[in-house]
1. Can you tell me which residue within the range 201-229, out of those that are modelled with pLDDT of 70 or more and part of a loop (DSSP other than H, G, I, E, B), is surrounded by the most Cβ atoms within 10 Å (Cβ to Cβ)?
2. Keeping to the range 123-173, report how many residues are under 21 Å from Lys22 (Cα atoms) and over 16 Å from the mean Cα position of the chain (by Cα).
3. Looking at the structure I just gave you, is Val243 modelled with pLDDT under 75, under 26 Å from Leu168 (Cβ atoms) and β-branched (Val, Ile, Thr)?
4. Condition test on Val69, is it part of a loop (DSSP other than H, G, I, E, B), touching a strand residue (DSSP E or B) at 6+ places or on another chain (Cβ under 9 Å) and among the β-branched types (Val, Ile, Thr)?
5. Six or more apart or on different chains, Cβ under 8 Å: which pairs go from a residue in the range 32-58 that's within 11 Å of Val17 (Cα to Cα) to one that's assigned to a loop (DSSP other than H, G, I, E, B) and among the hydrophobic types (A, V, I, L, M, F, W, C)? Could you list them?
6. Residues of the range 1-50 being open to solvent by 30 Å² or more (accessible area, probe 1.4 Å) and of a type in the set (A, V, I, L, M), which ones?
7. For Val313, indicate whether it is modelled with pLDDT of 75 or more and either under 24 Å from Gly172 (Cα atoms) or in contact with a His (Cβ under 9 Å, 6 or more places away or on another chain) (or both).
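The values are calculated or read from the model by the stated rules, or taken from the named source; none is laboratory data. Since the model is a prediction, treat every value here as computed from it, not as a measurement. A quick note on method: Cβ atoms are made from the backbone with ideal geometry, for glycine too, and the neighbour counts reach across all protein chains shown. When the accessible area is computed, the model is the full protein with side chains, heavy atoms only, and any ligands, DNA or RNA have been set aside. Shrake-Rupley method; radii C 1.70, N 1.55, O 1.52, S 1.80 Å.
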Amino acid sequence: ARSLFACFRSWTAAGFVEDDFKAEQFTLDDNGQIFLVDGPHLRGDSLLGEAVARTWPHRGAANMLNRDVRTCAQDADCPFTKENHSCRGAGTCEPGARGAPEARGKCHNTHYQHGPQHSQHHHLHHCVQLSEKTHVYDVANRPWLLPYIAAKAADPAAGEFLRSLIRLAGRGRPEDRPSFRELVDRIDAFAKAPVPFKPGPKARLYESSLIQSNDRRRKAFWDYASVSFTDLGHAGGVLVDGVVQRLCDDRGLACWQSQVDGHGKDVPVPAHLGEEVVDRTKNNYGPLTVEDVEDSGSLDILDGEFPFNVTRVHQALPPK
């Protein structure tokens, strides 16, 4: 786990992002050190990216990400990275994988006050840019990265510790996630003074025959984010829609609400379902097509009132 964090830190801290994200991009030597195979893209908002753009204003900036800040009114207005990184399209990533919200396209509403005694209120909507924290989310939400290491941990205390890092690194808002340096420091601190492990109810359930006897249950057990609800409404005086929205924001889930952001009442079906993977990368900040705006992508949660259609629900919420 430490080698994994150190590998990502070595190039994300310098201002790079890897948007062609797949297992084949990484290699492991005999000492357990992890290396990136192909060179990543430079971020235009990094110090190195800004220096390159000043020196080579045309050629240097051609392949950069985050070249400018894009305003938006909804998530669909924001660019997304290659689909094997954003996991936006149905079936474009391995089962259990989830792309970071900003990689899928995330519109952020920044509220600020201005004027005498802050009497004027303004809302600035802009697309959340890619950063080191994008890959922090990736490491926690790819079944072949940190979740695999946690599942293979021989020491129960180490496994529980790594799962706590998964929960922390998988936060929906980039500012709530730790940096790779912080993750390395947490690993070093744990190695010096391991925290005593006492199995909780969930850990005991995981070891039970109910979970261990079923391969699908065992693989999905520690997926903290895959959630779906039906029959939403008031529950004990609490508006469940609000609870679900906070869950979506906190865990960075792909959520679709009926009658919000131009959505209708029909269960959405991801574009190009069942076809070969179509890379519709929008990292060049070009104009979004009508199909891109209307495409829900692969979802975690459907929220709202829909005519119930089992087939369409299974298409919108593919098995994790």
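1. So, considering only residues that are modelled with pLDDT of 70 or more and part of a loop (DSSP other than H, G, I, E, B), the one surrounded by the most Cβ atoms within 10 Å (Cβ to Cβ) is Phe221.
2. 5
3. On the way: modelled with pLDDT under 75: yes; under 26 Å from Leu168 (Cβ atoms): yes; β-branched (Val, Ile, Thr): yes.
When the stated conditions are applied, Val243 passes them.
4. It is true that Val69 is part of a loop (DSSP other than H, G, I, E, B), touching a strand residue (DSSP E or B) at 6+ places or on another chain (Cβ under 9 Å) and among the β-branched types (Val, Ile, Thr).
5. Between residues of the range 32-58 that are within 11 Å of Val17 (Cα to Cα) and residues that are assigned to a loop (DSSP other than H, G, I, E, B) and among the hydrophobic types (A, V, I, L, M, F, W, C), the close pairs are His41/Met64; Leu42/Met64; Arg43/Met64; Arg43/Leu130; Gly44/Ala61; Gly44/Met64; Ser46/Ala14.
6. The answer is Ala1, Ala6, Ala13, Ala14, Ala23, Leu28, Ile34, Leu36, Val37, Leu47, Leu48.
7. Against the criterion (modelled with pLDDT of 75 or more and either under 24 Å from Gly172 (Cα atoms) or in contact with a His (Cβ under 9 Å, 6 or more places away or on another chain) (or both)), Val313 qualifies.
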